[in-house]
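The structure appears right after this line, and notes come after that.
The values are calculated or read from the model by the stated rules, or taken from the named source; none is laboratory data. This structure is a prediction, so every number in the text was calculated from the model and none was measured. Don't worry about glycine lacking a Cβ; one is built from the backbone with ideal geometry, like all the others, and counts go over all protein chains shown.
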Amino acid sequence: MKKIFFTVGPSEIYPTLSKHIQKALQEQIPSLSHRGAEFKELFKEVTENLRKLMGIPKEYEIFFVASALEGMERTVQSLVEKESFHIVTGSFGKAWEKIAVQLGKKTTNLVTKDGEGFDVSKLKIPKSAELICLTQNDTSTGMQIPMPEIYYIKDQNPEKLIAIDVVSSVPYVEIDFKKIDVTFFSVQKGFGLPAGLGVIIVSPEALKKGEKVKGKGGSIGSFHSFLNLSEKAREFQTPETPNVLNIYLFNSVLKDMLKTGIGKIRKETDQKAKLLYDFFTKHQEYNPFVKYQPIRSQATLVIDVNGKSKAIREKTAKAGILIGAGYGSYKENHLRIANFPAHSLKQVKELIKLLK
Ligand SMILES: *Cc1c(COP(=O)(O)O)cnc(C)c1O
């Protein structure tokens, strides 16, 4: 039986992926030299298509790494001399701060109660913090930070750099890159691709800061420091032998998404999220974990099912529909349901029917 993956990542693959994988093999993509002209052409194309889809300004650079966790580490390593500030709205934000500590940085934070927001106007960030790190959409709690609030934080702290993790909200989330210094994600969630590829989008100011940190004699890492990645990206290359196959597949899915149109993708995401949230809100026993609507994630829904998580997941699995368990200690109390572009309205309706 063919399954439908509503798990939050890896998740359902993009519907055209199998066709693209076959084409990649026909074109012998896995044997391509990453120093050759064809790879450079691919690098050029994939970054141009990503710029088009997400509205990334041309002066911003795009790097390929192995994962989103690597994005967290490289951002801190390249941009923080001494101190970073972290807004922790779930386990991924917590993991990011831990990485900073492991790299020997001083950190301060704001930790929200799980599933609850915070008042940006009361946010106090130490003067000494150089970088502000936020998880725009925390997949563990299903809480999102609205982008206007993130821009407000940047406006209040113009001398600091700001970095966002959008792993589970791309390509749905709309970003004004001019107000953000670093944006990163991996491709196994919203893009419906195999895992093992991360993307980092970096502002000119962030690169300047990288030079400054390096100039002070601190280590900014080696082959995957922002400066090294930038040097190679300018030649349409990567420092190491990259995941060429996945970069090729990413380009293919980007082309499909451009054909569909980002507006339509966002609209459909909203429609599917509304169906799901309406269903759970009306349900006698189940409830969205995040109570305040503006901070509820449209892309990764977390539902409190009152200890019935396992029973529900077993029931839907029998019908070939897989949903995620709660994160960590919420394993038994929560369901996590992905609502990515790869999930069709029909599949969402099927899931709801099954849950009734
Ligand atoms: C999945 C996820 C990550 C980790 O992604 P990897 O590709 O496994 O490194 C980081 N942040 C968020 C918000 C995620 O959902």
Scan (1) more than 16 Å from the ligand (Cβ to nearest atom); (2) outside any loop (DSSP other than H, G, I, E, B) for the single condition Ile164 breaks and write down its number. (1)
Considering the stretch 329-343, residues that are of a type in the set (S, T, N, Q) and in contact (Cβ under 8 Å) with a residue 12 or more places away in the chain, and then whichever is surrounded by the most Cβ atoms within 10 Å (Cβ to Cβ), we arrive at Asn339
How many residues does the stretch 287-328 contain that are more than 19 Å from Leu275 (Cβ to Cβ), touching a residue at least 40 places away in the same chain (Cβ under 8 Å), in contact with a helix residue (DSSP H, G or I) (Cβ under 8 Å, 6 or more places away or on another chain) and in a helix (DSSP H, G or I)? 1
Reported set for the stretch 294-312 where residues are in contact with a His (Cβ under 9 Å, 6 or more places away or on another chain) and not charged (D, E, K, R) is Val302, Ile303, Val305, Ser309
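Every residue, every condition in (1) in contact (Cβ under 8 Å) with a residue 24 or more places away in the chain; (2) within 16 Å of the ligand (Cβ to nearest atom); (3) over 16 Å from Gln156 (Cα atoms), yes or no:
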position	(1), (2), (3)
Thr107	yes, no, yes
Phe118	yes, no, no
Lys122	no, no, no
Ile125	yes, no, no
Ser128	yes, no, no
Thr139	yes, yes, yes
Met143	yes, yes, yes
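Of the residues Gly217, Gly192, which is at positive phi, small (Gly, Ala, Ser) and at pLDDT 95 or above?
Matching residue, one of Gly217, Gly192: Gly192.
Return the residues of the stretch 69-95 that are hydrophobic (A, V, I, L, M, F, W, C) and under 22 Å from Lys331 (Cβ atoms); say none if nothing qualifies.
Leu69, Val88, Phe92, Ala95
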Going by what's in this entry, would Gly261 be described as modelled with pLDDT of 95 or more, small (Gly, Ala, Ser), over 19 Å from the mean Cα position of the chain (by Cα) and under 21 Å from Ser169 (Cα atoms)? yes
Among the residues of the stretch 210-227, how many are surrounded by 20 or more Cβ atoms within 10 Å (Cβ to Cβ) and either assigned to a helix (DSSP H, G or I) or not β-branched (Val, Ile, Thr) (or both)? 4
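Take the conditions out of contact with any Cys (no Cβ under 7 Å at 6 or more places or on another chain), acidic (Asp, Glu), under 30 Å from Phe43 (Cβ atoms) and surrounded by 14 or more Cβ atoms within 10 Å (Cβ to Cβ) and apply them to Asp304. Does it pass?
Details: out of contact with any Cys (no Cβ under 7 Å at 6 or more places or on another chain): yes; acidic (Asp, Glu): yes; under 30 Å from Phe43 (Cβ atoms): no; surrounded by 14 or more Cβ atoms within 10 Å (Cβ to Cβ): yes.
Here the answer is no, as Asp304 does not meet what is asked.
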If I go through the stretch 1-22 residue by residue, how many of them are modelled with pLDDT of 95 or more, part of a loop (DSSP other than H, G, I, E, B) and of a type in the set (A, V, I, L, M, F, W, C)? 3
Tell me, yes or no, whether the stretch 91-101 has at least one residue that is of a type in the set (Phe, Trp, Tyr), within 16 Å of the ligand (Cβ to nearest atom) and out of contact with any helix residue (DSSP H, G or I) (no Cβ under 6 Å at 6 or more places or on another chain). yes
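Yes or no, residue by residue, for (1) out of contact with any strand residue (DSSP E or B) (no Cβ under 9 Å at 6 or more places or on another chain); (2) closer than 22 Å to Val170 by Cβ:
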position	(1), (2)
Leu276	no, yes
Lys310	no, no
Glu314	yes, no
Arg336	no, yes
Glu350	no, no
